[in-house]
Amino acid sequence: MRGWTPTNLIRTATVERATHILNTAQRTSFPFKSVANDIAEKLFKPFDLAFGQDDVDDAYGENPTVQVPGLPVEKLTQLRDAVRLGGAEFLSLILDFCEELTADRRTDLPEPVDPFADKPIASEESHAVRKSRRLST
């Protein structure tokens with residue numbers, strides 16, 4: 001490691017270790033265990049899918065249910081390896097895919113950027129103005 005003196009290495013390691021100790025020593029109210037359990041259940045626990053009366057012909061009488069299996073056990077091994085090898089980067093990648101899958105249902109996303117906008121436009125008139133700009137180009 002060129003440019004690093006032993007003193008700088010020791011100082012950096014000490015600061016990082018102290019930061020880690022402080023971060024892990026503070027009590028947190030985030031329910032890590034509950035969130036992990038919810039995700040594990042969604043991935044691997046089988047569940048029953050019930051069809052509503054509108055979805056099924058009246059000839060069947062009752063609303064039938066189908067048991068949907070969770071992921072196979074082999075996927076657990078792959079998941080364990082991915083978390084071990086990828087760590088935070090792997091979990092970040094999962095979050096990216098989750099955000100992509102839920103983008104149409106989310107309300108916390110910013111307004112899309114209009115490449116034709118030369119100044120900010122109020123949201124009520126923005127659609128009509130954008131449409132007229134696209135038609136004129």
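The values are calculated or read from the model by the stated rules, or taken from the named source; none is laboratory data. Just so you know, these numbers come straight off a predicted model, no measurement behind them. In this analysis, Cβ positions are derived from the backbone assuming ideal geometry, glycine residues included, and neighbour counts consider all displayed protein chains.
Just a few scattered comments:
- Qualifying residue in the stretch 99-113 (condition: surrounded by 10 or more Cβ atoms within 10 Å (Cβ to Cβ), modelled with pLDDT of 80 or more, not in a loop (DSSP other than H, G, I, E, B) and not aliphatic (A, V, I, L, M)): yes
- Leu49 falls short of the stated requirement of being within 29 Å of Leu91 (Cβ to Cβ), surrounded by 10 or more Cβ atoms within 10 Å (Cβ to Cβ) and at pLDDT 80 or above.
Rundown of residues vs (1) modelled with pLDDT of 90 or more; (2) in a helix (DSSP H, G or I), yes/no style:
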position	(1), (2)
Thr19	no, yes
Thr24	no, yes
Phe30	no, no
Ala36	yes, yes
Lys42	yes, yes
